[in-house]
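The values are calculated or read from the model by the stated rules, or taken from the named source; none is laboratory data. All of these numbers come straight from a predicted model, not from anything done at the bench. Cβ: placed from backbone, ideal geometry, glycine included. Neighbour counts: every protein chain shown. We work out accessible area using only protein heavy atoms, side chains counted, and drop any ligands, DNA or RNA first. Shrake-Rupley method; radii C 1.70, N 1.55, O 1.52, S 1.80 Å.
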Amino acid sequence: MPANTKIAYFSMEIALADALPTYSGGLGVLAGDTIRSAADGGVPMVAVSLVHRKGYFRQRLDGVGNQSEEPWAWEPERALAEAPQRVTVNMSGRDVVLRAWRHDVQGQGGHVVPVLLLDADLPDNADEDRHLTDHLYGGDDRYRLRQEVVLGIGGVRMLRALGYAGLRRFHMNEGHAALLVLELGHEEMLRRGETSVSREVAQAVKPLCVFTTHTPVPAGHDQFPLRLMREALSCYGHAYDERAIEFCLDGKLNMTYLALDNSHYVNGVAKRHGEVSRQMFAQYKVDSITNGVHAGFWTVPPIQALFDAHITAWRADNASLRYALGIPRQALWSAHQQAKEELVRYVADRTGVALFANVFTLGFARRATPYKRPDLLFHDLSRLLALHRAAGPIQILYAGKAHPRDEGGKELIRRVFGHIAALRGQLQVVWLEDYDMALARRMVAGVDLWLNTPQPPLEASGTSGMKAAMNGVPQLSLLDGWWVEGCIDGVTGWPINGHVGKPAMADDRASDAESLYNQLENVILPLYYRDRDRWIDVMKHAIALNGSFFNTERMVDQYVRKAYFV
């Protein structure tokens with residue numbers, strides 16, 4: 001019931017279900033897993049996002065890796081129930097009417113976390129405004145800022161209209177929702193009978209707000225020109241001009257600083273990311289809560305059945321996955337092979353390429369962008385081919401989308417396709433187009449090793465390797481993001497190039513690639529092909545040590561104790 005709900009969780013994207021294209025990648029998947037675990041744990045939460053009627057996009061790749069984008073249109077009218085209230089936000093001098101579609105996330109014990117997806121596609125609105133909730137991360141700065149007005153200001157207004165009066169925390173999952181602090185300030189200003197937002201009003205708002213930053217790159221934080229802000233925030237007149245300028249650097253409104261300055265609790269998404277964020281925002285207190293994944297959602301049916309047979313409480317108590325150490329080796333290997341055979345069939349159906357369930361399979365899937373370095377594996381093709389022939393055969397699966405405006409990311413996909421062509425007939429590499437949650441579940445469970453090659457310290461957390469670990473798939477990765485905490489060399493997986501604390505280099509590609517090849521040739525492939533029992537022990541430790549901790553059950557519990565009810 002709204003009266004009993006205490007936490008409002010705001011995110012520009014939330015991955016709710018395979019059929020709902022309301023997410024683009026890691027940020028939205030993390031939000032979806034957070035809500036699923038909040039429902040499991042009975043947390044009194046409501047979530048707010050946008051409906052994204054045309055989704056992020058469907059990815060199409062031609063034979064040489066040129067990416068094109070198609071809308072992923074869907075009709076919320078056919079899938080969801082409309083909330084009974086509507087609200088209005090004035091932007092650019094026009095009233096924009098908003099409705100909300102409700103998607104309920106039900107936890108294991110029956111507790112429901114409602115998700116409200118805001119929608120501007122109403123006949124009362126101007127044609128331009130009707131499209132505001134069409135495209136996730138689409139359009140220019142003006143479009144993006146107006147979307148953030150809808151999320152932050154419209155979201156608070158919708159919650160109030162629906163009776164959510166007793167909310168005690170507003171959690172901003174990244175800075176896209178930061179304008180909610182202005183609406184909370186406006187509410188407090190009116191409550192006090194004042195006509196401007198004083199520092200006292202701002203101080204009254206601060207205890208209500210929680211902010212999670214996911215971006216360790218300054219350029220990744222949303223900033224908008226002051227002139228666009230004044231146009232978009234016409235709902236307040238000039239009440240916020242003076243306060244807004246305080247968050248402007250070089251004539252731009254910085255959404256991250258707006259959130260930082262008005263939140264009682266701020267966190268990064270891994271211990272390492274917390275350290276990086278404290279360096280970036282030295283004047284603020286930044287804690288860290290390491291991300292996780294939802295255990296029940298990301299484990300595939302053969303692994304779920306295995307856990308049900310040997311760890312009966314795992315769904316309600318993810319920490320009990322530590323008992324995976326007691327699972328018989330052959331039972332785990334059999335479950336993994338079932339997942340692998342399913343992936344092999346899927347690849348054949350999608351691409352016509354025949355992979356083999358008895359060949360070591362390496363997986364790499366994430367957003368295609370330069371700092372993720374998807375081409376690092378191909379730094380030296382002769383070396384890669386040599387270890388493939390000498391240490392044991394390998395086959396490689398890739399997936400990932402580049403943002404439509406990320407030309408560097410698109411060029412990386414073309415570059416990998418060039419390497420695929422160069423290796424054809426010698427080493428099988430497949431790029432699966434249109435990466436989404438359904439494909440991710442198949443990949444993280446069906447490959448034998450998960451590869452991650454970010455440029456440190458630019459990986460805030462990363463969660464794909466956590467999903468792999470949950471399915472007993474170990475990771476080979478640079479020591480960045482969560483892997484600084486999760487890597488026990490030779491036990492849960494393997495590091496690339498060094499030890500925790502190694503200083504980040506501007507560009508250490510040659511050294512990183514050499515380390516990657518050495519680990520594959522001298523450690524990983526010999527273990528996989530020549531000592532199956534020890535390989536399965538690494539799989540078991542990936543579940544028992546990483547799966548039991550890097551889950552959203554533990555993560556949400558930390559938010560409850562550190563941020564929500566303190």
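Some notes on this structure:
- On the principal axes of its alpha carbon atoms, segment 122-238 extends 41, 37, 28 Å, with the longest extent given first.
- The trypsin sites (Lys or Arg not before Pro) of segment 188-227 that meet both conditions, a loop assignment by DSSP and at most 16 other Cβ atoms within 10 Å of the site Cβ, are 192.
- The HN-Hα couplings worked out from phi for segment 382-389 by the Karplus form 6.51 cos²θ - 1.76 cosθ + 1.60 (θ = phi - 60°) are 5, 5, 4, 5, 5, 6, 4, 7 Hz, whole numbers, x standing for Gly and Pro.
- Lys/Arg +1, Asp/Glu -1 at C-beta; the chain dipole; positive extreme among 177, 47, 404: 47
- Segment 190-201 - phi-based ³J(HN,Hα) in whole Hz, Karplus 6.51/-1.76/1.60, Gly and Pro as x: 5, 4, 7, x, 9, 10, 9, 8, 7, 5, 5, 5
- Dipole magnitude for the chain: about 840 debye, using +1 per Lys or Arg Cβ and -1 per Asp or Glu Cβ, origin at the Cα centre.
- Isotropically averaged projected area of the chain, using the convex hull of Cα atoms (one quarter of hull area), nm²: 24.4
- Only one residue of 378, 363, 352 has its Cα farthest out toward the positive end of the dipole of segment 316-385, where Lys and Arg carry +1 and Asp and Glu -1 on Cβ, and that residue is 378.
- Positive dipole terminus of segment 142-230, leading residue within 221, 145, 211 (C-beta point charges): 145
- Here the dipole of segment 407-475 is about 140 debye; that uses its Cα centre as origin and unit charges on the Cβ of Lys and Arg (positive) and Asp and Glu (negative).
- Residue-normalised accessible area of the chain, expressed per residue, 1.4 Å probe, Å²: 36
- Of all DSSP beta bridges in the chain, antiparallel share, percent nearest 5: 35
- Simple point charges give the picture: +1 on the Cβ of Lys and Arg, -1 on the Cβ of Asp and Glu, and for segment 456-566 a dipole about the Cα centre of about 400 debye.
- Accessible surface of the chain, 1.4 Å probe, proportion on carbon and sulfur as whole %: 51
- Segment 341-429: C-alpha gyration tensor shape, a/c 1.5 cut-off, then a/b vs b/c: oblate
- Segment 436-566: C-alpha gyration tensor shape, a/c 1.5 cut-off, then a/b vs b/c: oblate
- Local electrostatic count at residue 492 - Lys and Arg +1, Asp and Glu -1, tallied over other residues with Cβ under 15 Å: 0
- Three-way shape label, segment 1-123, alpha-carbon gyration tensor, a/c 1.5: oblate
- Listed cross-link partners 285/562; 54/372; 206/252; 271/562; 6/285 are compared with a 18 Å cut-off, the Cα-Cα value being larger for 54/372; 206/252; 6/285.
- Between segment 358-414 and segment 514-533, the C-alpha centres lie 18 angstrom from each other.
- Euclidean distance between Cα centres, segment 94-119 to segment 186-214, Å: 25
- Amide proton proximity set for residue 479, modelled H, under 5 Å, gap of 5+: 496
- For segment 355-367, 3J(HN,Hα) per residue [Karplus equation, 6.51 cos²θ - 1.76 cosθ + 1.60, θ = phi - 60°, Hz, x = Gly/Pro]: 9, 10, 6, 9, 9, 4, 10, 10, x, 9, 8, 5, 4
- Within the chain, longest stretch free of exposed GluC sites (Glu not before Pro) [DSSP loop, at most 14 other beta carbons within 10 Å]: 247-566
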